[in-house]
Each structure stands twice: as structure tokens, then as C-alpha cells.
1. What lysines sit close enough to residue 143 to cross-link, taking a C-alpha to C-alpha distance under 16 Å and skipping anything fewer than 8 places away on the same chain?
2. Which residue fluctuates the most in the chain, going by a Gaussian network model with Cα springs under 10 Å, if the choices are 130, 183, 54?
3. Give me the lysines in straight-line cross-link reach of residue 57: C-alpha distance below 26 Å, same-chain residues under 8 apart excluded.
4. Using r as the Cβ-Cβ distance of residue 38 and residue 87, and R0 as 45 Å, what FRET efficiency do you calculate, to the nearest 0.05?
5. Please give the calculated 222 nm ellipticity per residue for the chain, where each DSSP H segment of at least 4 residues contributes -39500 (n - 2.57) and the sum is spread over every residue; nearest 500 deg cm²/dmol?
6. Evaluated at 4 °C with a viscosity of 1.567 mPa s, what Stokes-Einstein diffusion coefficient in µm²/s does the range 25-65 have when Rh comes from the Kirkwood expression over alpha-carbon pairs?
7. Normalise the Debye intensity by I(0) for the chain, one equal point scatterer per Cα, no solvent, then take log10 at q = 0.18 Å⁻¹ and round to two decimals.
8. Can you list which of the DSSP-assigned H helices in the chain have a Cα extent of 20 Å or more along the long axis and an average Kyte-Doolittle score of at least 0.5?
Amino acid sequence: MMIRKFLCHSISVLVFFAFGVQAGQLYRYPDENGVLTLSRSLPPEAAQKGYDIIDDKTMRLIERVSPAPTEDEIEALKAEQAREAERQRQQALEARQDEEARQKQYQYDRTLLLTYSTEADLIAARDRDIGYRQEQIDLLSAKLPKLQQRLETVQKEAAERELSGGKITTNMQKRLDAAQEEIRVRKQAMEKYQAEIEKLRVQYQQDLERFRRLRGIESPQD
């Protein structure tokens with residue numbers, strides 16, 4: 001707004017000097033000593049400090065022109081405009097994020113209601129997903145004792161060979177490495193399935209609570 005006033009002010013001054021003073025108008029402005037002065041012409045330095053346009057017959061104030069903004073004021077205005085632009089950008093960003101969140105929630109709710117007809121359907125799906133992974137963990141876990149026993153047997157053979165002054169053969173080292181790797185892979189798979197189970201428990205609980213809310217079903221008391 002200040003820059004616009006500054007431009008308008010400058011244009012007004014140019015117009016005045018190009019076409020002269022309109023008849024019936026006086027200019028009132030402070031001189032170099034700060035004393036208000038009336039004149040039919042407007043000095044350039046007075047135009048920069050602000051002035052009044054007065055009807056020379058009635059002495060009525062026609063228009064008050066504000067002083068041109070200083071460099072500091074212009075810089076302050078630019079900084080304020082930059083802050084306002086950033087504020088508007090943040091508002092637009094938040095509005096877009098809110099809309100995306102609403103759309104995401106709508107799609108989630110729609111999928112939930114299309115996937116499960118009843119609460120029992122959702123619970124059954126949860127139990128199947130978690131049950132399958134628990135079965136895999138049980139199968140992997142059941143074979144670990146044999147694998148551990150096999151590893152200990154090979155380790156014992158290797159230790160006896162070294163105690164007798166011999167060296168571990170290439171075949172024995174391969175057996176050791178294979179046994180250790182199989183145990184590692186199975187334990188890693190068990191950890192993966194367990195992490196999936198924990199994630200599913202959280203997700204299905206969220207789904208169940210949302211489904212109940214959408215269907216207007218009260219949650220059972222613990």
C-alpha cells in the first residue's frame with residue numbers, strides 16, 4: 001500500500017510540474033524551517049515531505065498528500081509483504097494438506113465399509129492374518145532345536161580335530177557355516193513375522209474402532 005502511494009505521489013508530482021498548477025488551488029507545506037507555507041507552486045523537496053491541496057477561495061482542504069516513504073520505510077514494507085506472502089503460502093499449504101487428509105480418510109472409510117460387511121468379518125480377517133504368521137513362527141521355531149543340535153555336533157567335531165593337532169577341513173567348515181546360516185535365516189524370518197503380527201494388531205484395532213464408529217456400534221467394555 002505504501003509503495004502504491006509512493007508511486008501515485010511521484011506521478012502526481014510529475015503531472016503538476018508538467019501541466020502547472022490548477023487554477024483555484026493552493027499548496028500548503030512545511031518549508032525548510034518547518035513553517036507552514038502557502039503557495040501556488042509546489043517545490044520538489046516539499047512534494048517529498050507531504051503537503052495539502054487547498055481551495056484558494058474557501059480555504060477548504062481538498063486533499064492531503066502523505067510524505068513519500070523513506071528508504072527504511074520501504075524496506076520495512078518489503079519485509080512485511082514478504083512475511084504476509086509466507087503466511088499466505090503456509091495457509092495454502094495447510095489447506096491443501098487438510099484436503100488431502102480428508103480425501104485419504106474418505107477413501108479409507110469407503111474401503112473399510114466395502115471390505116467388511118460386519119464387525120465379525122473384520123475380526124475373522126484379523127485372526128486369519130495373525131494366525132497365519134503365528135503358524136509360520138511355530139514351524140520355524142520347531143526346527144530350531146535340531147538345527148542347533150546339528151551345529152553343536154559339527155562344532156564339537158571341529159574342536160576335537162583341533163585338540164588332536166589337526167585342522168578343520170574345508171567340508172567341515174562348510175557344514176559349520178551352513179548350520180549357522182540356516183539358524184540365522186530362520187531366526188530372522190521369525191522376527192519378521194513377529195513384527196508383522198504386532199503391526200497387524202495395531203492396524204486391525206484401528207480398523208475395528210473406525211468401523212464401529214462408522215456403523216454406530218458401541219465398543220464393548222473391557
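Here, each number is a calculation from the coordinates, and none is a lab measurement. Treat the numbers as computed from the prediction; the structure is a model and nothing was measured. With ideal geometry, Cβ positions are generated from the backbone for all residues, glycine too; neighbour counts draw on all protein chains shown.
1. 187
2. Comparing 130, 183, 54 in the GNM, the peak value goes to 54.
3. Output for residue 57: 49.
4. Calculated transfer efficiency: 0.50.
5. Numbers: 5 runs with 160 residues, N = 222.
Helix-only estimate at 222 nm: -26000 deg cm²/dmol.
6. 129 µm²/s
7. Log10 I(q)/I(0), no solvent term: -1.21.
8. Qualifying helices: 2-19.
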